[in-house]
Amino acid sequence: MKPSPGLRQNALNFAKKNGFKFVQIGGGFKDFLNSDIEIASGVGPAQFLGLINGAEYIITNSFHGIALSINLHKNFYVEYSSDTNSRLINIIDTFNLNHCVVKGDLTATSPIKIDYTHVDSILVKLKEKSQLYLKSIIKEAK
């Protein structure tokens with residue numbers, strides 16, 4: 001995740017308003033002094049996945065944060081920035097999740113609930129397409 005003080009503050013406000021514990025993966029010295037933030041430092045892959053899987057909401061600006069949220073059926077928000085990677089836009093557009101893009105203050109609206117029935121139907125089609133493509137490449141290579 002790219003550092004974004006605005007996104008972090010927005011996420012902290014969202015957590016406070018909705019009664020969620022705010023957990024930040026990694027951080028600087030000042031973050032450890034903030035009693036409103038629980039810092040998870042030295043996080044390995046298993047703990048990282050566990051934090052995402054155990055979260056009520058994910059608030060991110062990274063492709064992997066989105067992809068893991070989708071695969072683990074998590075409600076999430078994503079922030080686009082001026083240098084947003086096209087992969088973020090592509091994955092949001094592919095799964096019709098534009099309502100998950102942060103557009104201002106998260107505390108101004110009710111928390112979203114993602115319909116994963118719709119998302120999963122798209123994911124199944126994409127997996128089938130990928131498998132067919134891989135099989136065709138393997139067939140051509142023989």
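The values are calculated or read from the model by the stated rules, or taken from the named source; none is laboratory data. As the structure is a prediction and not an experimental result, all values here were calculated from the model. Neighbour counts are summed over all protein chains in view; Cβ atoms, including those assigned to glycine, are modelled from backbone coordinates with ideal geometry. The accessibility values were calculated without ligands, DNA or RNA, using every heavy atom of the protein model including side chains. Shrake-Rupley method; radii C 1.70, N 1.55, O 1.52, S 1.80 Å.
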In nanometres, the difference between 0.36 nm per residue of separation and the alpha-carbon distance of residue 83 and residue 41 is 12.5 nm
In the chain the accessible area split gives carbon plus sulfur, as whole percent at 1.4 Å, a share of 57
From the cross-link list 16/125; 21/125; 74/127; 17/74; 16/113; 17/127, the entries with a Cα-Cα span beyond 29 Å are 16/125; 21/125; 17/127
P(r) of the chain over all Cα-Cα pairs, 5 Å bins starting at 0, rounded to whole percent, reads 2, 8, 17, 20, 19, 14, 8, 5, 3, 2, 1, 0, 0
Here, residue 16 and residue 96, labelled 7 Å along Cα→Cβ, have an inter-label distance in nm of 3.7
Going residue by residue through segment 55-72, the Karplus relation 6.51 cos²θ - 1.76 cosθ + 1.60 with θ = phi - 60° gives ³J(HN,Hα) values, rounded to whole Hz and with x marking Gly or Pro, of 7, 6, 9, 10, 10, 9, 9, 10, 4, 5, x, 5, 4, 5, 4, 5, 5, 9
